[in-house]
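Everything on this sheet refers to the single structure shown next.
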Amino acid sequence: MDKFFKISERGSNVRTEVIAGITTFFAMAYIIVVNPNQITGFMFDVPGMGQIWNAVYIASIIAAVIGTLLYALYAKLPFAQACGMGLNSFFFTSFVLPQVINGGDVIKGYQAGLVIILISGVIFLILSVTGLRSYIAKAMPDCIKKAIPAGIGLFIAFIGFQNVGIIQDNQYTLVQFVKINGADWASIAPAIIALLGFIIIAILSKLNVKGSVLIGILATTVIYYLSIWQLPSFDMQSFATPFKDFAEIGITGVFQAESWKNAFSGEMLGGIFSVIMLIITFCLVDMFDTIGTVYGTAAEADMLDENGDPIDVNKAMTCDSIATVAGSICGTSTVTTFVESASGVAAGGKTGLASLVTSLCFIVCLFLSPLASIIPSAATAPALIFVGVLMLKNFASVDMKDMRNAVPAFLTLIMMPLTYSIANGIGIGAIAYVLISIFTGKFTKKDIAVTIIALLFVGKFVFGTM
């Protein structure tokens, strides 16, 4: 096992890898329930939505297992995959919601969407196998490469702050800190306990305690249930129904001729131009979400080569592509490398053994009630916030005296959390880099690739909806 996963070679050990894998699972386990919620838009009273929810629930777990096992056994990297947040909401608004509005069949809309995801996945796979996808990643300017991990760090931390209500929405300022004065304990407990958990992880990390992130998650879980005086419980619902709906409308969706007909009919998706733009949008977002995540987590794990690129980046891109294809066949939206993988990396994960452990945890969820229901968001949010702290250090190496580097890096950094998209951050940074290069006379042949990327994002921003 040591030789297969190169555990000693990468300066790790089995115990650390197991802890890292469990940490990653707890940090991303929410996707098991959140993904079907997003794809159904919480519209449980709409006919057919219950079936879609059940099918996506099973598909989400299977897709996560397949994608993460690919990282474990093929790429041998400590990354995990699952259905991408943002992309699942886009799936709902593009394919399911229009049927609700028009009084159509939501299941047919869902299955037509799976066809679009399958096509985008095949495109990913072709780009990955030919090496074009990794070429695109390596063609990114150095300043953007360095800003990506830091931007992802802010994005992850922002997600953590939001998940427990530390940061809340405000009609005047958009965001605000949790309002403690006058609030009842039940409403502010997750926020307060999450902040406490974050400090616990920080203290443990300062004391060089191994597995500080996982210990922090478990300790915060105990504190949470003690503070609300409640025992954790499983939702012992029927196990058979989700599997039945998965078999009837999920995994069979892309194999039905009607699904392909609906995908390309103007009646359901708005014509061939709309279909093309949907495919391009899903391609762009998944491609650059993955590029960003792989670069960010590889930098945190000290797994970059002499050129600042992740080791085995070709294999990472191939894993992501195959997982998207597998996910669409199973019955869920685009599968991508998860930013929460950074929590496992922060716990010391450096090899595919960590990913193997994560995938085994997901398999357990397939036959039991979701383990995500045991670990509250108040316990996982501190891990995400702490990862944000760790990943910000990468920004220190950006040359902030040169505006050609500073401005694109800054935009990449800040736009990820502000637009709630890794891909948007990369795209806006690329556009700024190209424009500054052209108008300052610094444009060279090596900038052609990033120019193409920038133009694609301009098209996405102009014609896309995400």
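Where a number appears in this text, it was derived from the coordinates with a stated rule and is not lab data. Computed from a prediction, not measured in an experiment: that's the story for all the values here. Glycine gets a Cβ as well: all are built from the backbone with ideal geometry, and neighbour counts include every protein chain shown.
At a Förster distance of 25 Å, what's the computed FRET efficiency of residue 438 paired with residue 389, Cβ-Cβ distance as r, to 0.05? Intermediate values should be presented prior to the final figure.
Values: r = 36 Å, r/R0 = 1.45.
My answer for the efficiency is 0.10.
If we sort 142-149, 64-71 on the protection proxy, mean other Cβ atoms within 10 Å, highest first, what's the order?
Values: 142-149: 25.0, 64-71: 27.0.
The peptides rank, most packed first, as 64-71, 142-149.
How high is the relative contact order of the chain? Use alpha-carbon pairs under 8 Å, at least six apart in sequence, and give a whole percent.
Working: 873 pairs, mean separation 159.7, N = 466.
Across the chain, relative contact order equals 34 percent.
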For this session: Kindly rank 112-119, 346-353, 187-194, 96-103 from highest to lowest mean number of other beta carbons found within 10 Å of each residue.
Result: 346-353, 112-119, 187-194, 96-103
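Neighbouring Cβ atoms within 10 Å as the yardstick, rank 444, 281 fewest first. Please report the intermediate quantities before stating the final value.
Values: 444 7, 281 22.
So the residues, fewest neighbours to most, are 444, 281.
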Exercise. Amide H to amide H, which residues 5 or more places from residue 82 or on other chains are under 5 Å from it, using H placed in the peptide plane?
Worked result: 336, 338
Problem set entry | Linear extension gain, residue 15 paired with residue 222, 0.36 nm per residue minus alpha-carbon span | 72.2 nm
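Sort the following peptides by mean Cβ neighbour count (other Cβ atoms within 10 Å, averaged over residues), highest first: 452-458, 380-386. Before the final figure, lay out the partial values.
Details: 452-458: 18.0, 380-386: 28.3.
Final packing ranking: 380-386, 452-458.
Give the order of 335, 46 when sorted by the count of other beta carbons within 10 angstrom, beginning with the fewest. Before the final figure, lay out each step's value.
On the way: 335 33, 46 15.
Least to most surrounded, the residues fall as 46, 335.
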Exercise. Taking the Cα centre of the range 1-139 as the origin and placing charges on Cβ (Lys, Arg +1; Asp, Glu -1), which of 75, 40, 115 is farthest toward the positive end of the dipole?
Worked result: 75
Exercise. Label points 7 Å out from Cα along the Cβ direction at residue 135 and residue 401: separation in nm?
Worked result: 3.6 nm
Seminar exercise, completed: Projecting the Cα atoms of 262, 443, 279 onto the charge dipole of the chain, where Lys and Arg contribute +1 and Asp and Glu -1 at Cβ, the residue farthest towards the positive end is 443
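Residue 115: net charge of surrounding residues, Cβ under 12 Å, Lys/Arg +1, Asp/Glu -1, itself excluded?
Numbers: positive: 108, 261; negative: 258.
Cβ neighbours under 12 Å give a net charge of +1.
So how strong a dipole does the chain carry about its Cα centre when Lys and Arg Cβ are +1 and Asp and Glu Cβ are -1, to the nearest 20 debye? Please report the intermediate quantities before stating the final value.
Details: 24 positive and 26 negative charges, 183 e Å.
The dipole of the chain has a size of about 880 debye.
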Exercise. How many nm is it between the label spots at residue 101 and residue 4, if each spot is 7 Å from the Cα in line with the beta carbon?
Worked result: 5.0 nm
Seminar exercise, completed: Stretched fully, the stretch from residue 169 through residue 261 gains (0.36 nm per residue minus C-alpha distance, one decimal, in nm) 29.0 nm
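Residue separation times 0.36 nm, minus the C-alpha to C-alpha distance between residue 463 and residue 180: what's the value?
Numbers: separation 283, 0.36 × 283 = 101.88 nm, distance 4.24 nm.
Using 0.36 nm per residue and subtracting the Cα-Cα distance, I get 97.6 nm.
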Problem set entry | Cα-projected label distance for residue 203 with residue 229, points at 7 Å along beta-carbon direction, nm | 2.5 nm
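Test of understanding: ordering 319, 330 by Cβ neighbours within 10 Å, fewest first, what list do you get? Show your work: numbers first, answer last.
Values: 319 30, 330 24.
Going from least to most buried by this count: 330, 319.
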Problem set entry | Alpha-carbon centroids, the range 252-294 and the range 334-395: separation in whole Å | 28 Å
Exercise. Relative contact order, percent, of the range 23-108 when contacts are C-alpha pairs under 8 Å separated by at least 6 residues?
Worked result: 32 percent
